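The values are calculated or read from the model by the stated rules, or taken from the named source; none is laboratory data. Model, not experiment: these values are computed from the prediction. Neighbour counts run over all protein chains shown; Cβ positions are idealised from the backbone, glycine included. Ligands, DNA and RNA are excluded from the accessible area calculation, which covers all protein heavy atoms including side chains. Shrake-Rupley method; radii C 1.70, N 1.55, O 1.52, S 1.80 Å.
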Amino acid sequence: MTGASAVTWPNGFFAQKGGFELSGVLGAASLALAVLGPGRYSFDHVLRNVLNRPWMVPTALAVVGRGTALVVHRRDRRVERLSEQKADSHTD
């Protein structure tokens, strides 16, 4: 959701104006679930935590963090290139 928030950040906070409110809340909820782990009413609890291993959360957060950084970086480069192209077309 960090990538989605980065795209909508210039529009402000509120989702009514295209802001990052929804993506921020969903990202915070996902992070809380990832850090706190499965609860009593989770599918993991039903399976007796067979799939819940201590190394999974840090690994998942690292992979997702790296992927998000890559997506945001590529987006920023593309936006920069497009703004340069617009500036070049206005000077001609």
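Per-structure values
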quantity: Test: residue in the stretch 18-28 that is modelled with pLDDT under 85, farther than 28 Å from residue 80 by Cα and part of a helix (DSSP H, G or I); calculated: no
quantity: Identity of the residue in the stretch 46-63, assigned to a helix (DSSP H, G or I) and open to solvent by 90 Å² or more (accessible area, probe 1.4 Å), that ends up nearest to residue 10 (Cα to Cα); calculated: 63
quantity: Matching residues, the stretch 64-78, being surrounded by 12 or more Cβ atoms within 10 Å (Cβ to Cβ) and not polar (S, T, N, Q); calculated: 64, 67, 69, 71, 72, 75
quantity: Residues (farther than 19 Å from residue 3 by Cβ and open to solvent by 70 Å² or more (accessible area, probe 1.4 Å)) located in the stretch 32-45; calculated: 35, 36, 40, 41, 43, 45
quantity: Tally, over the stretch 1-14, of residues that are assigned to a helix (DSSP H, G or I) and open to solvent by less than 50 Å² (accessible area, probe 1.4 Å); calculated: 5
